[in-house]
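Worksheet for the structure shown next.
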């Protein structure tokens, strides 16, 4: 999937900002691509970028209407369909994070066919992947792993992409979730891939590369999560990670959506090394990333210092304290060849 | 997915018996359901059951035309479409193991809609599963796991179903692959499920049951296979296996389709216990199942004796020597409550 940029951000008439969470994420990480927003009467979200009509967006070079919002009920409302069809008629592609497929709405499918426009459904994929081969390929790969779901794996690799590029390193964010696909303009929502092809899909989106090139692969789930461990393992094997960063949220008491307790950071490190060794025996941890949002500043710092000392790894909250320590460790552990 | 039985087995005009491998598997394990076969001129396969016309099959009570063959090229040939449409017109459902979806062929879709017949594509699923919950449910579950793919996992659970029922135990085969779905008339091809829902799908097909009831769950892949380990882990977590049998093929030197060496039986036992403990801390091995086809009888017996002694587990080739030892161990380890 390759989404043409820049984007016109469609916010519809969502009732709150949470419904536009994906759109905010795209705008935060790719402000240059988010040329304008299109809002309908009653919209409670605002990305803080210019409101634009279709002709205005086209004049600014927009190529794709991005639907980075969720709609209640899973059905695309008629007044959204009308706007989407108008965007296609005007010459835009459409990329959607909705559960419903764009092509399943006859008016949209028809308009896209007639005008020769692309429809991207980032939650779905019809792409055929080979099965994973598990053989080492050139280039370096870093994967974020977690004690749980939703603990900052995407944020950490995006912050690392920025931080590593600032140091002159050749590093690319590699998306495996829907928001990430919008942010990178490519990739695949790995949770939409049929089970047999998880590791093969990861091998496909992070192909052989130059020896010093880093693919920073967005992790998913946790090897300790009873619902999603299979996805995490397929990702780990397909990534053939040289390095991984463990992501953690310190206030959580049970894993997201289930009753299982969280594993310790050491358990997560050990199991990722153990299982990751199947496709890359040299896999090693290079840092810890903690979402300290719920903690005061001094409390957060104390926790990070404690974790760093305990594990012999740099520990940071990328939002609060940046990723310099992680990049230092990556540079030290992986000298350029 | 619930396929109405009995079956009329469609063999088309396949050029060899290998192309009808699924059909042979169904006939071996469910001879009572395979009332007749339908072959076209030039067909090189023969299930050894009566050839039937549609009216004959209907008179014998057939409910579903089963396409348990593979077609070259992935496209359904016109002369097959004609026969399938005729079967639908005559009142049969159709269940297919083809890569192409039945409903994607307009003539078939149209006939099924008009006649109100079901189309089952066992390689595909549109069924929505919840995500896995990982909480213990009543009833007992046995899973077959493997040192590799294609080492007898399906055969072993089917032989156990037969052997346990003969001992008066309440045991059901639980299919997770396409041939298995035909054999049980239900289940889901787990490799067709979207990655996030693997463990949830297994929880769904093996729901809460009576305390002494056994679900014998067909395993897939191997935790050590770089292409499919994620599927195997999702299955293990969703199955919450109380017991597992390790399946093995002793002549294989690398894992199927890749260059990785095979793990040892002990490694497979240890890793399944370690990872399976997440959703069932009481998980334990109850036996070893070896495909000894490539070995002479005395060589096979010597190998099984050696493995049994080494691991303290019953070891057998279910095809050659039956499953009595495995059932003995299951009965001993899991007294009825």
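The values are calculated or read from the model by the stated rules, or taken from the named source; none is laboratory data. The model shown is predicted, which means the values in this text are computed figures rather than measured ones. Counting neighbours? That spans all protein chains shown, and the Cβs are built from the backbone with ideal geometry, glycine included.
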State whether the residues of segment B:122-136 include one that is farther than 30 Å from residue B:250 by Cβ and at pLDDT 95 or above.
-> no
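Keeping to segment B:194-218, report how many residues are within 13 Å of another protein chain (Cβ to nearest Cβ) and outside any helix (DSSP H, G or I). If you could, list the steps in order and put the result at the bottom.
If we filter segment B:194-218 for residues that are within 13 Å of another protein chain (Cβ to nearest Cβ), which is where we start, we get B:194-204.
Subset that is outside any helix (DSSP H, G or I): B:194.
Residues in segment B:194-218 being within 13 Å of another protein chain (Cβ to nearest Cβ) and outside any helix (DSSP H, G or I): 1 in total.
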Got a sec? Which of A:168, A:187 is at pLDDT below 95 and under 21 Å from residue A:139 (Cα atoms)?
-> A:187
Residue by residue through segment A:255-278, note down the ones that are surrounded by fewer than 21 Cβ atoms within 10 Å (Cβ to Cβ), within 23 Å of the chain's Cα centre (by Cα), within 14 Å of chain B (Cβ to nearest Cβ) and at pLDDT 95 or above.
-> A:273
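Residues being in contact (Cβ under 8 Å) with a residue 24 or more places away in the chain and part of a loop (DSSP other than H, G, I, E, B): count how many of those fall in segment A:246-263.
So in segment A:246-263, the residues in contact (Cβ under 8 Å) with a residue 24 or more places away in the chain come out as A:246-252, A:255-258, A:260, A:262-263.
Still in the running and part of a loop (DSSP other than H, G, I, E, B): A:249-252, A:255-258, A:260, A:262-263.
The number of residues fulfilling the criteria is 11.
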From the set of residues in segment B:134-143 that are away from every other protein chain (no Cβ under 13 Å) and in a loop (DSSP other than H, G, I, E, B), which is surrounded by the fewest Cβ atoms within 10 Å (Cβ to Cβ)?
-> B:138
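Taking the conditions exactly as written (more than 16 Å from residue B:191 (Cβ to Cβ) and modelled with pLDDT under 95), does residue B:163 satisfy them or not?
No; evaluated as a whole, the condition is false for this residue.
Residue-by-condition table, conditions (1) over 25 Å from residue B:225 (Cβ atoms); (2) crowded, with 23+ Cβ neighbours inside 10 Å; (3) not assigned by TED's automatic domain parsing to the domain that holds residue B:196:
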{"position": "B:127", "(1), (2), (3)": "yes, no, yes"}
{"position": "B:132", "(1), (2), (3)": "no, yes, yes"}
{"position": "B:145", "(1), (2), (3)": "no, yes, no"}
{"position": "B:148", "(1), (2), (3)": "no, yes, no"}
{"position": "B:155", "(1), (2), (3)": "no, no, no"}
{"position": "B:166", "(1), (2), (3)": "yes, no, no"}
{"position": "B:170", "(1), (2), (3)": "yes, no, no"}
{"position": "B:174", "(1), (2), (3)": "no, yes, no"}
Look at segment A:304-324 and say how many of its residues are surrounded by fewer than 18 Cβ atoms within 10 Å (Cβ to Cβ) and in a helix (DSSP H, G or I).
-> 10
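Among the candidates A:182, A:224, which residue alone is in contact (Cβ under 8 Å) with a residue 12 or more places away in the chain and more than 9 Å from chain B (Cβ to nearest Cβ)? Please lay out each step first, then the result.
Numbers: A:224 fails: more than 9 Å from chain B (Cβ to nearest Cβ).
The match here is A:182.
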Lone unmet requirement of (1) at pLDDT 95 or above; (2) within 10 Å of another protein chain (Cβ to nearest Cβ) for residue B:239 | (2)
Could you list all residues from segment B:284-299 that are within 20 Å of residue B:327 (Cβ to Cβ) and either not assigned by TED's automatic domain parsing to the domain that holds residue B:149 or not in a loop (DSSP other than H, G, I, E, B) (or both)?
-> B:284, B:285, B:286, B:287, B:288, B:289, B:290
Only one of (1) away from chain B (no Cβ under 14 Å); (2) outside any helix (DSSP H, G or I); (3) free of Cβ contacts under 8 Å to residues at least 40 places away in the same chain does not apply to residue A:281, and that is (1)
